[in-house]
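The values are calculated or read from the model by the stated rules, or taken from the named source; none is laboratory data. Everything numeric here is computed off the predicted structure, so don't read it as measured data. In this analysis, Cβ positions are derived from the backbone assuming ideal geometry, glycine residues included, and neighbour counts consider all displayed protein chains.
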Amino acid sequence: MAMRSTYLCQECSNRFDATRGDLMKAKEFRCVSCDSVKYIPHAELETFDYKCADCGDKMDVIKIPMCPVCKKRNNKAEKLLMMID
Ligand SMILES: [Zn+2]
Ligand SMILES: [Zn+2]
């Protein structure tokens, strides 16, 4: 279950909406550098190269979205907007 929420950044007080969590049939990966999100179907996990299509850096399982303003991951979900299967 993925959740779309409004986050409050503890560093710069920016509020932003982000989605995090795995889908029923796909696992969520985030880029360590640019926070680009990709959902990889379970059947394709073995061949996934963990490379970000946008910047070429590493994709990883990261539970906290990045603040788009200060690029830190020190933020808290304030309000749940939507649940996504
Ligand atoms: Zn990236
Ligand atoms: Zn911030």
Hey, among C67, C55, which residue is within 16 Å of ligand 2 (Cβ to nearest atom) and in contact (Cβ under 8 Å) with a residue 24 or more places away in the chain?
C67
Selection within the stretch 6-52 - more than 15 Å from ligand 1 (Cβ to nearest atom), more than 15 Å from C70 (Cα to Cα) and free of Cβ contacts under 8 Å to residues at least 12 places away in the same chain
A43, E44, E46, T47
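For K71, state whether it is within 13 Å of the chain's Cα centre (by Cα) and modelled with pLDDT of 95 or more. Before the answer, list the steps.
On the way: within 13 Å of the chain's Cα centre (by Cα): yes; modelled with pLDDT of 95 or more: yes.
Yes; evaluated as a whole, the condition is true for this residue.
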Step by step: first the residues of the stretch 1-48, then only those that are within 16 Å of ligand 2 (Cβ to nearest atom) and over 16 Å from the mean Cα position of the chain (by Cα), then the one that is nearest to L81 (Cα to Cα). Which residue is that?
N14
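Which of the residues belonging to the stretch 1-11 are part of a loop (DSSP other than H, G, I, E, B) and more than 13 Å from K76 (Cβ to Cβ)? Break it down into steps so the answer makes sense when it comes.
If we filter the stretch 1-11 for residues that are part of a loop (DSSP other than H, G, I, E, B), which is where we start, we get 1, 10-11.
M1, the sole residue that qualifies.
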Residue match in the stretch 68-80 (condition: surrounded by 13 or more Cβ atoms within 10 Å (Cβ to Cβ) and in contact with a Lys or Arg (Cβ under 8 Å, 6 or more places away or on another chain))
no
